[in-house]
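Below is one structure, written out as structure tokens; comments come after it.
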Amino acid sequence: MSERYSFRDLIDVMEKLRSPEGCPWDRKQTHESLLPYLLEETYEVIDAVKKGKDEDLREELGDLLLQIVFHSQIAKERGVFDIEDVVDSIVRKLINRHPHVFGDREDIKTAEDVNREWEKLKEKEGKKKESLLDGIPESMPALERAYKLQKKAAKVGFDWEGFEGIKEKLIEELSEIEEELKRGDREKLEEEVGDFLFMAVNLARFLGVHPEIALRRANEKFEKRFRYMEKRAKDKGKELKEMSLDEMETLWQEAKGKE
């Protein structure tokens, strides 16, 4: 078996790639230019987990780790921190936030206890917050950010009393969309659609359903059914665009029946 490379080797390779004798592409990258790759690699890790393929997961975690080392190398060149500082910071944080493991807090016994203590320790570690909503990244995908904002607000009791209230509000938001359609104001229409989607996230959260997971499953279901429709259309010697809406609806129902 050939010698295995180490984490130190990865750091050395990245330093070489960023050096004057290294790769022109790697040398020109910045924190900002790397963001799309960081996001893409994160999604690929998620896909590998969802598919349950360990070999893919190992590879994708490596790609994600590369992004962390890449950003750390750029920061080192700027003289602000390096990968050792990143490791030191997270190890200290983990030890501080687990007093029931690394300390003497015997009163922390359940997962709920851990979550409560985690939030308290985060507040002690961080800067003084001006709002309960501080700390939710602005660049987070809108669906996930809506969920986080609502969860934070609900912690102080700013929440719906029951399902019926949310249902009525959804109907109200839908009627406001209808009104804006009649008026023809695109900016207001976008605002009302946003309100409707925000309330849909509220409904999911209130019911204990994570909207991202629910929507991901809906996407997967739609894709599976649509691909089935395409295949059945080809079996009939047609393309979907050549079929009527009624014909496509028939194939859609056929796809549902196969599940």
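Listing for the model above:
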{"item": "Distance violations [Cα-Cα > 31 Å] among Lys16/Lys148; Lys50/Lys148; Lys51/Lys155; Lys51/Lys231; Lys50/Lys151; Lys109/Lys148", "result": "Lys16/Lys148; Lys51/Lys155"}
{"item": "Estimated vicinal HN-Hα couplings, Hz - the range 221-229 in sequence order (Karplus 6.51, -1.76, 1.60; Gly, Pro = x)", "result": "5, 4, 4, 4, 5, 5, 5, 4, 4"}
{"item": "On Cα atoms only, tilt of 142-154 relative to the major axis of the chain in degrees", "result": "80 degrees"}
{"item": "CD proxy at 222 nm, helix term only [per DSSP H run n ≥ 4: -39500 (n - 2.57); per residue of the chain; nearest 500]", "result": "-24000 deg cm²/dmol"}
{"item": "Low-density loop cleavage sites - trypsin sites (Lys or Arg not before Pro) in the range 36-70, where at most 15 other Cβ are within 10 Å (DSSP)", "result": "Lys53"}
{"item": "Sparse-neighbourhood loop sites, trypsin sites (Lys or Arg not before Pro) in the range 138-229 - DSSP loop, at most 15 other Cβ within 10 angstrom", "result": "Lys155"}
{"item": "Length-normalised contact order for the range 1-66 - Cα pairs under 8 Å, 6+ apart - percent", "result": "22 percent"}
{"item": "Relative compactness, the chain, computed as alpha-carbon Rg over 2.2 N^0.38 Å", "result": "1.37"}
{"item": "Relative contact order %, the chain, counting alpha carbon pairs below 8 Å whose residues are six or more apart", "result": "9 percent"}
{"item": "For the range 229-259 and the range 142-168, distance of Cα centres in Å", "result": "39 Å"}
{"item": "Cα long-axis angle, helix 7-18 against the chain (0 to 90 degrees, to the nearest 10)", "result": "80 degrees"}
{"item": "Convex hull volume of the range 142-209 per residue (C-alpha atoms, cubic angstrom)", "result": "78 Å³"}
{"item": "The range 1-96: proportion of alpha-carbon pairs further apart than 22 angstrom, %", "result": "39 percent"}
{"item": "Sites excluded, chymotrypsin sites (Phe, Trp or Tyr not before Pro) in DSSP loops with at most 11 other C-beta within 10 Å, longest stretch of the chain", "result": "6-157"}
{"item": "For the range 214-257: rounded, prolate or oblate by the Cα gyration tensor [a/c cutoff 1.5]", "result": "prolate"}
{"item": "Derived scalar couplings ³J(HN,Hα) [the range 93-98; Karplus, 6.51 cos²θ - 1.76 cosθ + 1.60; whole Hz; x for Gly, Pro]", "result": "5, 4, 5, 5, 8, 10"}
{"item": "Amide H partners (placed H, <5 Å) of Ile108, local residues excluded", "result": "none"}
{"item": "Stokes-Einstein D (µm²/s) once Rh is taken as the Kirkwood radius of the range 70-170 over alpha-carbon pairs, at 37 °C in 0.692 mPa s", "result": "192 µm²/s"}
{"item": "Relative contact order computed over the range 138-259 (Cα-Cα under 8 Å; 6+ residues apart), in percent", "result": "24 percent"}
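Rule-based calculations on the coordinates, nothing more; no lab input. Small disclaimer: the values here were computed from a predicted structure and weren't measured. Here the Cβ is made from the backbone with ideal geometry for all residues, glycine too, and neighbour counts use every protein chain on show.
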